[in-house]
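The values are calculated or read from the model by the stated rules, or taken from the named source; none is laboratory data. Quick caveat: nothing in here was measured; it's all calculated off a predicted structure. In this analysis, Cβ positions are derived from the backbone assuming ideal geometry, glycine residues included, and neighbour counts consider all displayed protein chains.
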Amino acid sequence: MRSHYCGAINESHIDQDVTLCGWVHRRRDHGGVIFLDLRDRDGIAQVVFDPDTAESFARADKVRSEYVVKVRGRVRARPAGTENSNMATGQVEVLGKELELLNAAATPPFPLDEYVDVGEDVRLRYRFMDLRRPEMLNRLRFRSRVTTYIRNFLDGEGFLDIETPILTRATPEGARDYLVPSRTHAGSFFALPQSPQLFKQLLMVSGIDRYYQVAKCFRDEDLRADRQPEFTQVDVECSFIDEVQLTGIMERMVRQMFAELLSVELPEFPRITYAEAMSRYGSDKPDLRIPLELVDVADLVADVDFKVFSGPAKDPKGRVAALRVPQGGELSRKQIDDYTKFVAIYGARGLAWIKVNELAKGAEGLQSPIVKFLGEETSLAIMKRLGAADGDIVFFGADKVNVVNEALGALRVKVGHDLGRLEREWAPCWVVDFPMFEELPDGGLHAIHHPFTAPSCSAEELKADPANALSRAYDMVLNGTELGGGSIRISDEKMQETVFGLLGIDHEAARAKFGFLLDALRFGCPPHGGLAFGLDRLIMLMTGAQSIRDVIAFPKTQSATCLMTEAPGEVDEKQLQELHIRLRKPVAENNQAGVDQSNVKG
């Protein structure tokens, strides 16, 4: 129907006849001449209708925003003084000769001719309209370019694009599974995959050697701004490779992609151990654009009378850390109070601070309600360790290690952004040497990554001291966001059973859930490892979007619903009967109906 896209018209087409199709972005009537801004996915072209073409002029007079039209006309240069340098097509316009109305449109639920602050609920309810906005179209176009680049790169490195099952078996690890009832196997359920983890490992056993997939994954978990119940990851697995080689390939891919698609030259990725990241930044995904760092001061305050500090300082599971903010003394008391409320989100019971007014005056030059409790000697010793100078402010965290890390780590990032302390636009790194496990409140162990991650020690050493064992895992981090994570996998049956045992998965349970994997490890499994990128997060960072919902065509809300299709929805009784399912009504609803709860069965 069309000869050109609207956004492709330029001076090279002057005096050519063109046919354009699209939506009426804006209609203007200027003294008997009608201007239509015609929009398609590639941009906007200005079309002019004058009374000389009476029939088309009359139609142009009746069209409104978002009408779908077809226009035939001749390209000409815009009159001098009317050019628009903000538009790719701003040097030319189309003199309309024919206009065909392809479809009318109801009044849009929100304006599309310019960005307006529309509530996200309205945007998601009318997502098909929201996606017409150039901003959204450009993000989806960029997403397509990224996936194309990744596929081409991995193809060039010898990776095979292989699809793994969507209907699989529920596993006891990770987030909750989305379950799918089986009609043909009464009482049994499939699960939607949280990742292709086990299947890609089996592909390595099968001799595929190098695999990748742009995979849909599903997790039934509480959501945040950067989470979705269904998401896309770039999944990679390789055989006969170690972590240095694998991370090298992935780093090269990302650096070349940024250079080609964003004209951004990322530096080589520094490697930071997990322990160093937590100590210096309070986070295993540190934002290295911000130069602020946490410094331990527990040894300096262990013997002070100030129990708020000395208690955690003497606690083996406690931490006392300080965060120096150069020239942060300009912060007002209200701003400090706001930061105190902020760290409370992460479990901190307060936020102690010291302003450095004039260090040469000793304790008298320090402004804080806690100096008198610390004493002059301790206060000045802390300032010396931190390298404090006049005009600085020092924030403190004193509590359990995880509380201090989360609270001061988050405060470090917030203060860095609030005060404009970002030293560069992009700061990548690898975080390595993660612990194998973390201890649960009940004393049990939980795998930091997943139970198929190889430790950096033997099975005997792992059993002897699991709490201090390190894994062969690695995370790629960019600007404080984890882009992807992976590890060298367990390729030995004995080691896999050892890890299962430490996680409380006994032999019988391991065989029931993972028997196929344990069997595969017995039949010549090569050493292998992999990594998975969160594609949605990557696109969010590269486009500067505020949420991954802005880079997904049809996302869910934070409550895991689709406002457009009203999913999830109810199904009729016949479908439930075919699936051998009977719904249990909520207790409150049953009570209101006068039902005897003792007789209600699932």
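Key figures for this structure:
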read-out: Residue match in region 42-63 (condition: among the acidic types (Asp, Glu) and either within 39 Å of the chain's Cα centre (by Cα) or surrounded by 19 or more Cβ atoms within 10 Å (Cβ to Cβ) (or both)); value: yes
read-out: Of the criteria (1) outside the structural domain of Thr453 (by the TED database); (2) crowded, with 21+ Cβ neighbours inside 10 Å, which one Met250 fails; value: (1)
read-out: Subset of region 521-561 [under 20 Å from Met129 (Cβ atoms) and charged (D, E, K, R)]; value: Arg549, Asp550, Lys556
read-out: Search result, residues across region 67-80 that are under 15 Å from Leu95 (Cβ atoms) and surrounded by fewer than 19 Cβ atoms within 10 Å (Cβ to Cβ); value: Arg72, Arg74, Arg76, Ala77, Arg78, Pro79
read-out: Selection count, region 470-492, where residues are farther than 14 Å from Met436 by Cα and of a type in the set (Ser, Thr, Tyr); value: 2
read-out: 2 or more residues under 20 Å from Thr107 (Cβ atoms): qualifying strands (runs of 3 or more DSSP E) within region 1-74; value: 17-30, 33-40
read-out: Test: residue in region 109-131 that is free of Cβ contacts under 8 Å to residues at least 60 places away in the same chain, under 19 Å from Lys62 (Cα atoms) and not assigned by the TED database to the domain that holds Asp50; value: yes
read-out: Residue list for region 253-264, filter: exposed (fewer than 13 other Cβ atoms within 10 Å of the Cβ) and touching an Asp or Glu at 6+ places or on another chain (Cβ under 8 Å); value: Ala259
read-out: Residue in region 284-301 that is surrounded by 15 or more Cβ atoms within 10 Å (Cβ to Cβ), outside the structural domain of Gly350 (by the TED database), in a helix (DSSP H, G or I) and within 22 Å of the chain's Cα centre (by Cα) present; value: no
read-out: Tabulated pairs, region 43-66, first over 13 Å from Leu95 (Cα atoms), second assigned to a helix (DSSP H, G or I), C-beta under 7 angstrom, 6+ apart or interchain; value: Gly43/Cys6; Gly43/Gly7; Ile44/Cys6; Ile44/Gly7
read-out: Residue list for region 463-493, restricted to those being over 23 Å from Arg271 (Cβ atoms) and either touching a strand residue (DSSP E or B) at 6+ places or on another chain (Cβ under 9 Å) or crowded, with 17+ Cβ neighbours inside 10 Å (or both); value: Pro466, Ala467, Ser491
read-out: Tally of residues being over 17 Å from Ala313 (Cβ atoms), surrounded by fewer than 16 Cβ atoms within 10 Å (Cβ to Cβ) and more than 41 Å from the chain's Cα centre (by Cα) across region 374-384; value: 1
read-out: Region 153-205, subset buried (at least 16 other Cβ atoms within 10 Å of the Cβ) and out of contact with any strand residue (DSSP E or B) (no Cβ under 9 Å at 6 or more places or on another chain), residue farthest from Gly530 (Cα to Cα); value: Phe153
read-out: Single condition Leu154 does not satisfy, out of (1) of a type in the set (A, V, I, L, M, F, W, C); (2) within 25 Å of the chain's Cα centre (by Cα); (3) at pLDDT below 95; value: (3)
read-out: Residue in region 429-440 that is over 16 Å from Ala275 (Cβ atoms), touching a residue at least 12 places away in the same chain (Cβ under 8 Å) and among the aliphatic types (A, V, I, L, M) present; value: no
read-out: Among the candidates Val371, Val431, residue that is surrounded by 15 or more Cβ atoms within 10 Å (Cβ to Cβ), among the β-branched types (Val, Ile, Thr) and closer than 23 Å to Ser283 by Cα; value: Val431
read-out: Residues of region 243-266 that turn out to be free of Cβ contacts under 8 Å to residues at least 24 places away in the same chain and touching a Leu at 6+ places or on another chain (Cβ under 9 Å), as a count; value: 2
read-out: Strands (runs of 3 or more DSSP E) lying entirely in region 413-469 (those with 2 or more residues that are over 30 Å from Leu262 (Cα atoms) and not assigned by the TED database to the domain that holds Gln194); value: none
read-out: Candidates Pro435, Pro451, Pro369, filtered to the one that is of a type outside the set (D, E, K, R) and over 26 Å from Val320 (Cβ atoms); value: Pro451
read-out: Positions within region 206-242 being acidic (Asp, Glu) and crowded, with 21+ Cβ neighbours inside 10 Å, in sequence order; value: Asp235, Glu237
